[in-house]
1. Show the residues, 5+ positions off or on another chain, whose built amide H is closer than 5 Å to the amide H of VAL15.
2. From the phi angles alone, apply the Karplus equation (6.51, -1.76, 1.60; θ = phi - 60°) to region 21-36 and give each ³J(HN,Hα) in whole Hz, x where the residue is Gly or Pro.
3. From the phi angles alone, apply the Karplus equation (6.51, -1.76, 1.60; θ = phi - 60°) to region 170-184 and give each ³J(HN,Hα) in whole Hz, x where the residue is Gly or Pro.
4. First measure r as the distance between the Cβ atoms of ASP188 and GLU59, then evaluate 1/(1 + (r/R0)^6) with R0 = 30 Å and state the FRET efficiency to the nearest 0.05.
5. If I take R0 = 30 Å and measure r between the Cβ atoms of GLU126 and LYS101 in this structure, what FRET efficiency does the formula 1/(1 + (r/R0)^6) give, to the nearest 0.05?
6. Within the P(r) computed for the chain, what percentage of the Cα pairs occupies the region above 25 Å?
7. Select from region 104-163 those trypsin sites (Lys or Arg not before Pro) which occupy a DSSP coil region and have at most 13 other Cβ atoms within 10 Å, ordered by residue number.
8. Please work out the Cα center distance from region 27-59 to region 162-206, rounded to the nearest Å.
Amino acid sequence: MTMTVKEAIAARHSVRSFTGEPVSEAALEELLEAARQAPSSLNSQPWRFIPVTDEATREWIASSEVSRKQRWLAGAPAILVCCADLEGYVRDTQASAFFYKENKIMDEEPTQGVLDYAEREEKASETARFGASAMNVALAVSFIMLRAVELGLGTCWVGMFNEGPLKERFGLTPDQRVVCLLAVGHPDEPSVPPRNRKSLDEIVLK
């Protein structure tokens, strides 16, 4: 029976305990394909992923040098280092803006808004470009997490890490920034406690 998107959303939760079963290359490819299909501002697609499956590197990521000794990470058979390409984000934003203008995709005023946005992003500080790129990466990671549920896998978004050692280890350029780590594996959980979520009344402004 095929899982619906609604069911995947309801079933998704942060998993920090995994069986020893490896995540197959085919499954990792499915997850990355889900990310590839995610939406992004002006189709900039600034996400970049480094799949880590070897034990030595996973142990290193779980060390105090990288993740402040989150030892459970070593038990995840796969870790995705989720990055934002800031240079690519600006370049592809500009390309889309030019395409919109040349092909008259929208009326003049919204088209000018798109051109202004592209120009603003080019001139923005690295902090601002990283923030905008990271939002797009987060969309792609969300797609990965939902596809993982459908494949019977568990994931956990990890935002506590030291970026410097990761950039050095994987040869990332100054314009390639790490947004998060995503642990992936087959869940090993006796029971899943109910998630604490605010009610609709608390999150809908009236």
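No value in this document is a laboratory result; all are computed from the given coordinates. Please read all numbers here as calculations on a predicted model, not as lab measurements. Here the Cβ positions follow ideal geometry from the backbone for every residue, glycine too, while neighbour counts run over all protein chains shown.
1. THR155, CYS156
2. Result, rounded to whole Hz: 5, x, 8, 5, 4, 5, 5, 4, 5, 4, 5, 5, 5, 4, 4, 4.
3. Karplus values, whole Hz, x for Gly and Pro: 9, x, 6, 7, x, 8, 9, 10, 7, 8, 6, 10, 10, 6, 9.
4. Computed FRET efficiency for ASP188 and GLU59: 0.95.
5. The formula returns an efficiency of 0.70 here.
6. Every Cα pair in the chain considered, those over 25 Å come to 46 percent.
7. Loop-located and lightly packed - LYS104.
8. Region 27-59 and region 162-206 have Cα centres spaced 13 Å from each other.
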